[in-house]
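Okay, so here's the structure we're looking at.
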Amino acid sequence: MYRKEEQPSPAPENFELPFEGKLSPSNRWVIMAELIPWDDFEEEYAKLFSAEKGAPAKPFRMALGILIIKEKLGTSDRETIEQIRENPYLQYFIGLNCYQQEPPVEASMLVHFRKRIDVDLVNKINKEIVKKEKEKLDKEIKKKDLPQEKGKKLKNRGKLILDATCAPADIKYPTDLGILNQARIETERIIDNLYKALRGKLRKKPRISRHIARKEYLKVAKKGKVSYQERRKAIEKQLKYVKNNLGHIEDLNQAGASLKNLSKETANLLETIKKVYKQQRVMWENKTQSVPQRIVSLTQPHIRPIVRGKAGKPIEFGAKLSVSCVDNYVFLDRISWENLNESCHLKEQVEKYREMFGYYPESVHVDKIYRTRENRNWCKERGIRISGPKLGRPPKNVSEEEKKQARSDESFRNAIEGKFGQAKSSFSLNLVMTKLPETSETSIAITFLVVNLSRLLRQFLSLYLWLFINIKTDELFNHNYINENYIYSKFIERKIINWQGNYRLLAA
């Protein structure tokens with residue numbers, strides 16, 4: 001059941017504290033709370049609950065706010081709740097009216113929040129926040145432009161950067177021998193559980209060579225260098241052990257130990273082991289290392305190996321992301337657990353840009369994999385310039401203007417690489433700790449939302465710094481013994497502030 005709270009959130013100075021003092025309006029959490037349109041998406045969140053049945057659910061602001069705090073601070077679920085319990089600014093951010101010493105929710109509730117707030121809802125919030133800020137910047141441009149006639153198309157405007165990356169999952173580095181050994185151990189546990197229900201009916205327990213199988217595995221796993229023949233022989237033995245265990249499970253099922261009595265997690269694990277056995281058998285027989293939809297983790301079977309070709313990490317295991325970048329704001333356009341070609345998403349991403357801003361971009365900046373003939377022709381029909389050299393044999397003579405344009409396009413495209421670095425070094429995109437596919441997708445989407453919020457927060461803090469220095473310099477200029485040119489030159493020399501950039505920010 002979901003109940004909308006009619007009481008509006010208080011202003012920072014009206015937030016009740018158990019001690020003297022007030023919340024500062026310039027605090028980062030207070031500023032971020034004003035940036036997010038909580039009320040605009042509360043109705044969509046309330047549709048997930050019944051209006052009459054069930055216990056009252058937590059408000060949308062609390063659910064999303066806790067996930068943002070976790071991503072911003074880089075803490076675990078339990079530590080996030082402890083930080084909220086101790087910090088009044090965090091309690092204000094999630095929508096509480098006064099400070100309380102009790103935790104607002106249990107740490108286990110964060111899993112339910114990730115399931116309820118899916119990736120589509122997070123992407124809508126992300127786009128809405130950036131769209132409002134970009135509309136403020138475009139007001140002056142729209143004032144100067146002539147009013148558009150009816151039926152006349154808007155001119156292309158802006159630059160769009162497209163790229164793909166991988167969000168690695170928290171799994172052990174997979175090997176064929178290691179996966180089969182884990183599958184054997186899990187089947188042995190399932191046999192032990194099924195035999196308990198038939199202990200009085202069967203004369204003896206099915207024979208399991210668990211000790212011999214473990215010795216065979218450790219004999220190869222502990223070696224520093226293993227030859228191809230030794231590894232192949234060890235895989236063959238583990239395949240036989242897994243096959244025998246699956247046969248014993250089927251015999252116990254026919255004898256009366258129903259598989260329906262297993263827990264949901266164990267039943268799903270058993271189905272995953274059967275698929276793993278078939279895949280490993282096919283690879284062993286065909287002497288290959290690849291198979292369609294290859295499973296690399298028994299506990300997270302949705303994870304696939306993503307071939308990236310990067311130095312040091314040619315293969316990563318996780319989700320593949322198609323991301324767009326506009327004015328240093330990043331948007332998550334698609335998440336896929338399969339290793340697919342990101343160039344197929346260019347048209348969709350450009351159309352999303354048009355849907356969001358109302359016009360096509362002037363140019364699209366991409367790497368080599370996006371520059372297919374089909375994508376080039378599609379962009380040319382819409383008046384969009386795609387970065388990079390033309391297809392075919394390179395010309396003998398290249399003008400200086402074309403060289404300058406190529407260097408400019410390549411340097412401009414580095415902005416999205418910086419955003420990937422920020423998301424992976426400062427936030428949790430480098431290692432996704434959630435286990436389920438839906439919770440992992442929400443966690444990834446929250447990361448890009450926090451990246452954009454961090455950028456907006458830096459803009460507000462820069463504005464406060466500019467106003468503070470402007471006031472102080474005005475006080476100094478009122479004294480006759482202060483040289484105005486000397487003050488300006490010292491500020492520029494010390495690089496205290498970028499006057500030109502902050503004047504532009506103040507005007508925006």
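The values are calculated or read from the model by the stated rules, or taken from the named source; none is laboratory data. Model, not experiment: these values are computed from the prediction. Here the Cβ positions follow ideal geometry from the backbone for every residue, glycine too, while neighbour counts run over all protein chains shown. Each accessible area value is taken on the protein alone, full model and side chains, heavy atoms only, with ligands, DNA and RNA left out. Shrake-Rupley method; radii C 1.70, N 1.55, O 1.52, S 1.80 Å.
Would you please give the residues with an amide H less than 5 Å from that of Ala169, counting only those at least 5 places away or on a separate chain, with H modeled from the backbone geometry?
Phe317, Gly318, Ala319, Val432
Counting each DSSP H run of 4 or more residues in the chain as -39500 (n - 2.57), what helix-only mean residue ellipticity at 222 nm follows after dividing by all residues, to the nearest 500 deg cm²/dmol?
When only DSSP H runs of four or more count, the value is -18000 deg cm²/dmol.
Provide the per residue accessible area, probe 1.4 Å, for the chain, rounded to a whole number of square angstrom.
That works out to 59 Å² for each residue.
Can you tell me the length gained on complete extension of the stretch Lys404 to Lys435, counting 0.36 nm per residue apart and subtracting the Cα distance?
Stretched out fully, the Lys404 to Lys435 stretch lengthens by 6.5 nm.
Determine how large the accessible area of Asp333 is when every protein chain is in place; take a 1.4 Å probe and give Å² rounded to the nearest 10.
20
Treating the beta-carbon of each Lys and Arg as +1 and of each Asp and Glu as -1, no other charges, what is the dipole magnitude of the chain about its Cα centre, to the nearest 20 debye?
3360
Between region 298-320 and region 194-271, what's the alpha-carbon centroid distance in Å?
27
Towards the positive end of the charge dipole of the chain, with charges on Cβ (+1 Lys, Arg; -1 Asp, Glu), say which of Ser411, Ile129, Val398 has the farthest Cα.
Projecting each Cα onto the dipole axis, the largest value belongs to Val398.
Under a crude label model (7 Å from the Cα following the beta-carbon direction), how far is Glu43 from Ser227 in nanometres?
7.3
In region 299-397, what is the count of Lys pairs whose alpha carbons are under 22 Å apart, counting only pairs at least 8 residues apart or on separate chains?
Close lysine pairs under the 22 Å cut-off: 15.
Would you mind working out the magnitude of the charge dipole of region 1-89 relative to its Cα centre, with +1 at each Lys and Arg C-beta and -1 at each Asp and Glu C-beta, to the nearest 20 Debye?
260
Solvent-accessible area of His248, probe 1.4 Å, all protein chains present, reported in Å² to the nearest ten, please.
Surface open to solvent at His248 totals about 40 Å².
Please calculate the 1.4 Å probe accessible area of Ile212, with all protein chains present, and give it to the nearest 10 Å².
The accessible area of Ile212 comes to roughly 100 Å².
Once you charge only the Cβ atoms, +1 for Lys and Arg and -1 for Asp and Glu, what is the size of the charge dipole of region 340-470 about its Cα centre, to the nearest 20 debye?
Dipole of region 340-470, to the nearest 20 debye: 420 debye.
Return the percentage of antiparallel bridges among DSSP beta bridges fully within the chain, rounded to the nearest 5 %.
Counting only bridges with both partners in the chain, antiparallel ones make up about 75 percent.
Can you find, among Leu218, Tyr353, Gly95, the residue sitting farthest towards the positive end of the charge dipole of the chain, where Lys and Arg contribute +1 and Asp and Glu -1 at Cβ?
Checking the options against the dipole of the chain, the answer is Leu218.
If the label point is 7 Å along Cα→Cβ of Glu13, which residues in region 60-102 have backbone nitrogen under 15 Å from it?
From region 60-102, the list is empty.
Would you list Phe412, Phe19 from the most to the least accessible area, probe 1.4 Å?
Descending order: Phe19, Phe412.
Here are labelled values, [x] 29.2, 106; [y] 23.6, 93; [z] 24.3, 74, and one is the computed Rg and Dmax of the Cα atoms in Å for what I pasted. Which one?
Computed from the coordinates, Rg and Dmax of the Cα atoms in Å corresponds to [x].
Keeping the other protein chains in place, figure out the carbon and sulfur percent of the accessible area of the chain, with a 1.4 Å probe.
Percent of accessible area from carbon and sulfur atoms in the chain: 50.
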